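The values are calculated or read from the model by the stated rules, or taken from the named source; none is laboratory data. No experiment lies behind these values; they were computed from the predicted model shown. So basically every Cβ, Gly included, is an ideal-geometry build from the backbone, and we count neighbours across all protein chains shown.
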Amino acid sequence: MKDKLLRACTLLLVFVLAGCSGPEQTVTPYQSTATIHDFMYWALEPAADVIWDSAGVIVTEEGETDLRPTTQEGWDHVRNSATLVAEAGNLLMMPGYRADELDWIEYSQGLVRTGLQAREAALAKDADALFDAGGAIYNVCRACHNKYAMSGESGESGESGESGEVSSSE
Ligand code: HEC
């Protein structure tokens, strides 16, 4: 009797498992949580700012300020933000954020690539490489905005955004 019950249970389990791995296509329940504008403003730009604010030199009347991190925490902060920039590229390819299958995908992949470049630089504590990566990220932002954002100027608004462009690491 006990044996029969066990067999029945096993059979039931097999059916349940078979049902789970059935041939129906499962849809990943992606859910974008913001408009593109707010995602840019609240997530991507703050992450990119950390990188731009940590690379290059600011020249004022008082002299030069090297922006490179001076502590392990500082480099870790850049590493973390670079990871967010890279993953933002993946998020932008998600249904919900993705605008089309054309250049949008290419620019999003550009964020992944240049974000990883910045992370490598942060892990290596290489200020020159970080400066180059910051410039490469900036070019990706610009390229996508030129094509897809209303005004070609968006994304360069913050004062800090320019540090990657106007100053030199040399
Ligand atoms: C794959 C395309 C794409 C990439 C890459 C991209 N953006 Fe955007 N961004 C957009 C679009 C499209 C808008 C316009 C959204 C809207 O207003 O509806 C926008 C808007 C913005 C805005 C708001 C603009 C404003 O002035 O109101 C900011 C800030 C911004 N982006 C920052 C960035 C930064 C920083 C990067 C690079 C690290 C970046 N974006 C990369 C597509 C992109």
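Observations
- Pairs meeting the criteria (first residue in the range 87-98 and in contact (Cβ under 8 Å) with a residue 60 or more places away in the chain, second residue among the polar types (S, T, N, Q), beta carbons under 6 Å, at least 6 apart or on different chains) are GLY96/SER32; TYR97/SER32.
- Those residues of the range 13-55 which are aromatic (Phe, Trp, Tyr) and at pLDDT 90 or above, in sequence order: TYR30, PHE39, TYR41, TRP42, TRP52
- Answer from MET93, MET150 - the residue that is within 11 Å of the ligand (Cβ to nearest atom), closer than 30 Å to VAL27 by Cβ and either modelled with pLDDT under 95 or touching a helix residue (DSSP H, G or I) at 6+ places or on another chain (Cβ under 8 Å) (or both): MET93
- Some residue of the range 113-126 being surrounded by 14 or more Cβ atoms within 10 Å (Cβ to Cβ), over 12 Å from SER54 (Cα atoms), within 9 Å of the ligand (Cβ to nearest atom) and modelled with pLDDT of 95 or more: yes
- Residue count for the range 22-55, restricted to those that are free of Cβ contacts under 8 Å to residues at least 40 places away in the same chain and not in a loop (DSSP other than H, G, I, E, B): 6
- Residue within the range 132-142 that is modelled with pLDDT of 95 or more, among the polar types (S, T, N, Q) and farther than 13 Å from ALA48 by Cβ present: no
- Yes/no for GLU64 being over 17 Å from the mean Cα position of the chain (by Cα), exposed (fewer than 13 other Cβ atoms within 10 Å of the Cβ), more than 9 Å from the ligand (Cβ to nearest atom) and within 18 Å of CYS141 (Cα to Cα): no
- Among residues of the range 27-41, those that are more than 9 Å from the ligand (Cβ to nearest atom) and either hydrophobic (A, V, I, L, M, F, W, C) or within 17 Å of ALA86 (Cβ to Cβ) (or both), counted: 2
- Residue check for GLN31: over 25 Å from GLY110 (Cα atoms) and within 23 Å of the chain's Cα centre (by Cα): no
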